[in-house]
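For reference, the structure is listed below as structure tokens.
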């Protein structure tokens, strides 16, 4: 009888130890916060809960407000169809464009459903990529986490920032601009570099309406 009780106590102790070890491991490796995660691939670009896309339906400024809340500011850039919206508290800036025009008296800032996200940038360290890269990390960190990253020392003809690493990029058919070959490498997520550190993340979205 005494041996049976001792055996039961031993089994219970082992079980409790396993549970404690599991809990400790979980606390040492916390899950990434999806609301502050930057993701990109061939067919997707996401800034937290904001899914940015050009097709089949371009993402709009209204979608951004639904996902991120009201911005700190929205200002026009020389035209009712070009605007910049900024969320200062979370370090997000969206460049908004539409080629579809605006009704008389309306602008991209007060008609968010008719203007699209052309580019998005992030400057707060509260954000991180899927591989764990953050603002303030070094070029060494970039190359370690993204060994396939392409370094660009100068801005491209499309206005992508530099110096920078194209940390997520794809090969796609060249249909716009000067095409020296049928396919080109296009960035999906860019890490801007200054003084050897990441200072911003940049999404070239390209949704500009018709």
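Cβ-to-Cβ counts within 10 Å put 160, 44, 151 in ascending order as 44, 151, 160, the fewest first. Taking 0.36 nm per residue of separation and subtracting the Cα-Cα distance, full extension of the segment from residue 150 to residue 110 would add 10.6 nm. Shape verdict for region 65-183, please, from the Cα gyration tensor: rounded (a/c under 1.5), prolate (a/b greater than b/c) or oblate. Oblate, because a/c is 1.5 or more while a/b does not exceed b/c. Quick check: from the Cα gyration tensor, does region 31-71 come out rounded (a/c under 1.5), prolate or oblate? Cα axes put region 31-71 in the oblate bin. Here the simple spin-label model places points 7 Å from the Cα toward Cβ, and for residue 79 and residue 196 these points are separated by 4.2 nm.
Report the calculated FRET efficiency for residue 143 and residue 88 (r = Cβ-Cβ distance, R0 = 22 Å), to the nearest 0.05.
Once rounded, the FRET efficiency stands at 0.10.
Since every read-out is calculated from the coordinates, none of them should be taken as a lab result. Just so you know, these numbers come straight off a predicted model, no measurement behind them. Cβ sites come from the backbone with ideal geometry, for glycine too, and all protein chains shown count toward neighbours.
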